[in-house]
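Bear in mind these aren't lab numbers, they're just calculated from the coordinates by the rules spelled out. Keep in mind that what you see is a predicted model, and the values were worked out from it rather than measured. Backbone-built Cβ (ideal geometry, glycine too); neighbour counts: all protein chains shown.
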Amino acid sequence: MKFPAKFNPLFDRFLLGGLGCGLVALCFVISAFFYIWQNPPRPGPTPMPTVFEELTPVTPGPTATPLFQFATPSVLPTGFPTLTPTQPGATPGSLIPSPVSQSFNSPPTGNIVFTCYINQIDQICLMNASGSGRRQLTDLSATSFYASISPEGDTIYFSSRERGTYEIYSMNLRGRSLRRLTGGIGSSYAPERSPIDDRIVFANESDGLQRIWVMRSDGNNPHPISTGPDDIDPTYSPNGMFIAFASARTGQRQLYIMDRDGSNVRQVTSLPDMGGRSSWSSDGTRLTFYAGPPEDHNIYVINADGTGLVQLTNGGDNLGPSWSPDGQWIAFTSFRDGNNEIYIIRPDGTGVTRLTNSSISDWQPRWGR
């Protein structure tokens, strides 16, 4: 179609103007592309995660600088005797340095269940082994404590006075599916599941005796396997074949080991002021425990045959150690800052790191996967 002559100048100006604007826009786009290509945008800073929920933010994970170190292996306080071996053929025990050949490189992993004092009542809390993800699991009306995590890492067992008498309960890691497992057998404490079957070992006080009992994980068939009169704080070995516990059956409280059916009891320590809770190393060759006078307890490691005693801490009133499943760390409670908090330490005494930083009392840590 041909436009009349009087329209041609107007059309030409419109066409040329449009082409001119398009060329200008095209030049602008090309210039912008080359500028961005030569000057790529820089990424912004990554937000720093926090270790403690509700607490002062710090770099996640344990610090590399321990709160205290030993230049040489620590020496036991005066009055601690050389240990007597408890098995035939064992070499008499004495304080020795931790093995220098052992390498500890892994950061803490898994979960730690512990007792947290909230609104004047002990409750059960859980956190990641790095100290992050702290959460309260129970909100009961009476004391709940002595918690442990099942070998599979999905169930928590603990003792509570919710119904007037200390009974054993179970729940999942979210604090749900709460179930009472004992009733009418006495006052029950410190439950722990076997790593090889559905048995639960615990301490029970009845008829004036504290003894070690076992039952099925559903609460059936509870019965004693030790004679007492003062047997407390049982814990299974990693292979499930032995149970370590504390007892004052000979006068002073000491650490003992027995077979899983209660037979073949043998004494491991010969110390003054032995504490209660103990924990096995992941390979089943050593135990960690605490000992010392009131308000001056320390954490120790000893071979299962009673040799090779090593003191890991020195001052601060340290209690209730628990070995990590990978053998790289030991969790414990300490009062060194004026309040019960949970710390971790390497089995050679280095790398002391505080995990909790709370105005309330956090204590009785127990490690799980």
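Data overview
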| quantity | calculated |
| --- | --- |
| Shape call, region 111-368: gyration tensor on alpha carbons, a/c limit 1.5 | rounded |
| Surrounding net charge for Leu312, when Lys and Arg each add one and Asp and Glu each subtract one, Cβ distance under 9 Å | 0 |
| Cα-based shape type of region 210-249, given that a ≥ b ≥ c are square roots of the gyration tensor eigenvalues and the cut on a/c is 1.5 | oblate |
| Amide H contacts under 5 Å for Arg199, placed H, 5+ residues apart | Ser194 |
| Extension gain, Arg176 back to Thr143 (0.36 nm per residue minus Cα-Cα distance, nm) | 10.1 nm |
| Shape of region 264-356, Cα gyration tensor, a/c cut at 1.5 | oblate |
| Label-to-label distance, nm, for residues given as Ser187 and Asn119 (7 Å Cα→Cβ offset) | 2.5 |
